[in-house]
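Undergrad: One structure is given below, represented as structure tokens, and several questions about it will come after.
The values are calculated or read from the model by the stated rules, or taken from the named source; none is laboratory data. Treat the numbers as computed from the prediction; the structure is a model and nothing was measured. Note that we place each Cβ from the backbone using ideal geometry, even for glycine, and neighbour counts take in every protein chain shown. Just so you know, the surface numbers come from the protein's heavy atoms only, side chains and all, with ligands and any DNA or RNA stripped out. Shrake-Rupley method; radii C 1.70, N 1.55, O 1.52, S 1.80 Å.
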Amino acid sequence: MVIIKGIDGSFKQSLNKAAVELSIMPIPYNIKNQAKSFIDVAVDSVATGIAGFMLIFLIKKLNLSTSYITVIVILFVFIWIVLIYRLREAYFNSFRTNIQRTLLSNDEGTNDKKRYETTIVAARRILNAEKPEDILSLLEQLSDYKILALQSSIINLLEHPSHQVKAEAIKQLFKYDKGTAIEKVEALVHEKDDGLVYTALDYIIHHSNNNANHFFDKYLNHENDYISNAALLCLAKEAEQNTKLSEKYSLNKRIDERVRALNTPEGFSRKEAVAELLITIAYSRIQKHYTFITVHLNNRDPYIAKHAIKAAGITASERFIEDLLEYLAEKEFRKTTIKALKNYGSSITKTILAYDKSEILRDNVKEHLPKVIQSFGTQNAVQVLLRLLRSNDVIIRLQVSRSLLRLKARNENLFFNKRVLKREIIKESEYYKDTIDAIFSIQNDIKNTSLEPKNDNDIELLIARESLIDVLEEQLETSLKIIFKLLSLIYDEADIKVSYSGLLSDIKEAKVNALEFLDNLLKSQLKTKVLPLVEYAIMEEDDLHSDILKIKTLPEKVYISRLLRKRGKRIKLELLHLIKVLDDKSFLTLITPLKKHMNKEVKFFAHDTIESLTDVRR
């Protein structure tokens, strides 16, 4: 009897209580109070009475034994559990709806989804139209397919006014039978467009019945430099697999002559000729000509510079890596640079990890390193990105989390180890907590100094500390973004996005809903680590000294030591300036190792700070 009574009380306070709370939690606060009171008083009493009458009827009237009664009770419990599980999904959906409705209450506009035509008829209509942009877009989509029904429409594009369209049409013909439209392609060799002429020659050498010797005898010494330059590029590409061709047609000598000619004012005719020669040198693999690529990596003309970047990538030579990485900072060249770095294969990922560890790259370069790794789109890329999450630089970690999300969205076959991701989220949470401790400790140091600065040094010290706080607060915000990006890799991305939007909202109800949603979504250790940080992030300024995070106030030397050891270049530079202003020789042991730091700025300011602290003339 005692055990039965205990089980009854246990289920009432667990399954029953949890289900009731789930059913009323997402609804507005004023309705929730009324509903809870009604359930606790009216519904609970009526339900208990009905249950009593059912027991009397089953025992007295039907004369059922206790074993039958037990089976009936277990059946009802099972049904109750199933209903709770289904209610859980409705509960989450209700939270999502509440948060989104709160944030978007004023947005009553509707977005009609764009419908894309994908039929053969629609494709023919686009290919037969005059708009080059639409045609090129469709040809790009068709690049992986051989559609016989579109063959005639693609051949007709060889007469299109746009040279770019003609070139792309020729590339499509590579997938069809050998010799398709060969006469029309041969006629295009005499056009005045380098890209089109090369594409046409490349098609002829691979799709005509003539052998390589006949091809190069006909085109390599042609009086038209559009044709001879394109033929030289074809020779460089073919010579990769056939060194006899290189020797027979003196590839090295021909490149020498072209380089000398283009290096003189008289010989320089067109920038397209320079660009084509850059690619020719890259495919030739003749390293003595690589200086031509190096020179034009610094060319002011974007067209030539892009081709120099492409050429450097084709060579996959280590001598160009640093120059290519620097180009990541420039948006105009970024896509070309990422493609070029991808040509280096998986070895570039090791180089990127080494560069991150040394901290020698500029900030506006480092933030794009994860995109290079992401471009491979492989399982190995996922593993390397997870390793890069250990970076001291918070900006790199943010970009890594974004790259991981893009990879997950684009390739559902990739595996993301949730155990590793949880570990990284916990590490990032600790980073967030350490940042808060440092900020409060610096603020405490500011308060403990005199309220009114007595001299210039006091003012400089105040400015140095406030500057450090500004950087740490910026990193605090970035760290929270990283946590939510990584959570999106474990949980449903839409749920996490809605929660994050709710937390950032100025509407209190949205914040409360988002917090409650996360409280129910996160599990075990993640909830313990992340939820207090989220609560801290949404607290009002008046409550920031709450004990919710158990914030530690650290001695100055302790937090400076921690930050120097665990943070990137930007914080190191701020700390070196602060130490210099503090003029405290006890910090010498902390900053002396930075004299050997790989980053030139850190090394310079470390030497400068040490000299300032040890200056005997003062």
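Undergrad: As a test of understanding, state the convex hull volume per residue of the stretch 186-320 from its alpha carbons, in Å³.
TA: Numbers: hull volume 14.2 nm³, N = 135.
Measuring per residue, one finds 105 Å³ for the Cα hull of the stretch 186-320.
Undergrad: Semi-axes of the equivalent ellipsoid of the stretch 246-345: what are they in whole Å, largest first, if each equals the square root of 5 times a C-alpha gyration tensor eigenvalue?
TA: 23, 16, 10
Undergrad: Whose amide H sits under 5 Å from the amide H of Asn599, counting only residues 5 or more places off or on another chain, with H placed in the peptide plane?
TA: Correct list: empty.
Undergrad: Take the alpha carbon atoms of the stretch 420-478, find their radius of gyration, then divide it by 2.2 N^0.38 Å using N residues; give the quotient.
TA: Numbers: Rg = 15.0 Å, N = 59, 2.2 N^0.38 = 10.4 Å.
In units of the globular-protein estimate, the stretch 420-478 measures up at 1.45.
Undergrad: With +1 on each Lys and Arg Cβ and -1 on each Asp and Glu Cβ, how big is the dipole of the stretch 229-321 about its Cα centre, in debye rounded to the nearest 20? Each step should come with its number before you reach the end.
TA: Values: 15 positive and 10 negative charges, 9 e Å.
Charge dipole of the stretch 229-321: 40 debye, to the nearest 20.
Undergrad: Pop out the ³J(HN,Hα) list for the stretch 303-318 in order, Karplus 6.51 cos²θ - 1.76 cosθ + 1.60 with θ = phi - 60°, rounded to Hz; leave Gly and Pro as x.
TA: With coefficients 6.51, -1.76 and 1.60, one gets 5, 5, 4, 4, 6, 5, 4, 4, 5, 4, x, 4, 5, 6, 8, 4 Hz.
Undergrad: From zero up to wherever the largest Cα-Cα distance of the stretch 319-447 sits, split into 10 Å bins and tell me the percent of pairs in each.
TA: 12, 39, 30, 14, 5, 0
Undergrad: Any idea what % of Cα-Cα pairs in the stretch 370-515 are farther than 27 Å?
TA: On the way: 3915 of 10585 pairs.
Here the tail beyond 27 Å accounts for 37 percent of pairs.
Undergrad: Let me ask you something else. In terms of solvent-accessible area of protein heavy atoms at a 1.4 angstrom probe, what is the ranking of Asp144, Asp393, Asp492, highest value first?
TA: Values: Asp144 130, Asp393 25, Asp492 85 Å².
The ranking, largest first, comes out as Asp144, Asp492, Asp393.
Undergrad: Over the stretch 173-299, with every protein chain in place, what whole percent of the accessible area is carbon and sulfur at 1.4 Å, could you tell me?
TA: On the way: 2800 of 6140 Å².
With neighbouring chains kept in place, the figure for the stretch 173-299 is 46 percent.
Undergrad: Of Val558, Val420, which has the most accessible area with a 1.4 Å probe, and how do the rest follow in descending order? Numbers along the way, then the final one.
TA: Details: Val558 55, Val420 20 Å².
I get Val558, Val420, largest accessible area first.
Undergrad: When the accessible area of the stretch 471-618 is computed with all protein chains present and a 1.4 Å probe, what percentage of it is carbon and sulfur? Write out the running numbers ahead of the final one.
TA: Working: 3970 of 7790 Å².
Result for the stretch 471-618: 51 percent of the exposed heavy-atom area is carbon or sulfur.
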